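A.B. asks: Sharing a structure with you now.
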Amino acid sequence: AQKITQTQPGMFVQEKEAVTLDCTYDTSDPSYGLFWYKQPSSGEMIFLIYQGSYDQQNATEGRYSLNFQKARKSANLVISASQLGDSAMYFCAMREGGAGGFKTIFGAGTRLFVKA
Amino acid sequence: SQTIHQWPATLVQPVGSPLSLECTVEGTSNPNLYWYRQAAGRGLQLLFYSVGIGQISSEVPQNLSASRPQDRQFILSSKKLLLSDSGFYLCAWEKTGNTDTQYFGPGTRLTVL
């Protein structure tokens, strides 16, 4: 079964507008971490934001925020004021804190296109 | 600050040839190290991870192997490449005991012909 699901293969957003990239996850481990990475065409994976399962507040990093809804098991990435340089693949990932603590599981990714 | 290097950046190899990809980390000690493969247009697949020198855990049985001869060096190898080994190989590190964030190297794009 898929542990990380990103249902949007591709998305378009107008420059300067906000965009939400969806991510749902599945785990029975009470301790886990959720991540978002950006992968531009150069291929490097760039860490954007992290949310721990016990964190009370949604994580924010500059223009990035993570809309964490624990009961719904969703961890959507919100990018505010989109820029042309935001065009890239975005991956949601989860790290379980139990026996599989060394494994980070990645979703299939969402390709974001920012239009001028 | 910590940096992670991978080489080569690109590689084209014939089927049946050997492979050696290298990853080194600077600015930290005793990191956990990871090898991932990404097929074209797909997500990341964990291949190997290491929590210390000589300690390798394999996630996917295949014709690849990994070694960690030094604390901050992680090597991915194969004795005979297959066409299906083509892909983008990424090395990542994280602080020992910190299950928060992995940081990735620039990657190696491997094409097996």
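We did not get these values from a lab; they are worked out from the coordinates using the rules stated. Not measured: the values here are computed from a predicted model. Every residue, glycine as well, gets a Cβ built from its backbone with ideal geometry; the counts of neighbours run over all protein chains shown.
A.B. asks: Do any of A:K38/A:K73; A:K73/A:K103; A:K3/B:K80; A:K70/B:K95; A:K16/A:K38; A:K38/B:K79 go past 29 Å between their Cα atoms, and which?
C.D. replies: Beyond 29 Å between Cα atoms: A:K3/B:K80; A:K38/B:K79.
A.B. asks: Between the DSSP loop rule and a limit of at most 10 other Cβ atoms within 10 Å, which GluC sites (Glu not before Pro) in the stretch A:6-110 are left?
C.D. replies: Passing sites in the stretch A:6-110 do not exist.
A.B. asks: While we're looking at this one, here's another question. Name the residues whose placed amide hydrogens come within less than 5 Å of the amide hydrogen of A:G109, ignoring near sequence neighbours (fewer than 5 apart) on the same chain.
C.D. replies: It is A:Q6, A:C92, by chain and number.
A.B. asks: Would you mind pulling out the separation of the Cα centroids of the stretch A:47-116 and the stretch A:1-28, in Å?
C.D. replies: 8 Å
A.B. asks: How high is the FRET efficiency between B:T10 and B:I53 when r is their beta carbon distance and R₀ equals 35 Å, given to the nearest 0.05?
C.D. replies: The pair B:T10/B:I53 has a calculated efficiency of 0.75.
A.B. asks: Using 0.36 nm per residue of separation minus the Cα-Cα distance, give me the extension gain between B:E22 and B:K80 in nm, one decimal.
C.D. replies: Gain on stretching B:E22 to B:K80: 19.2 nm.
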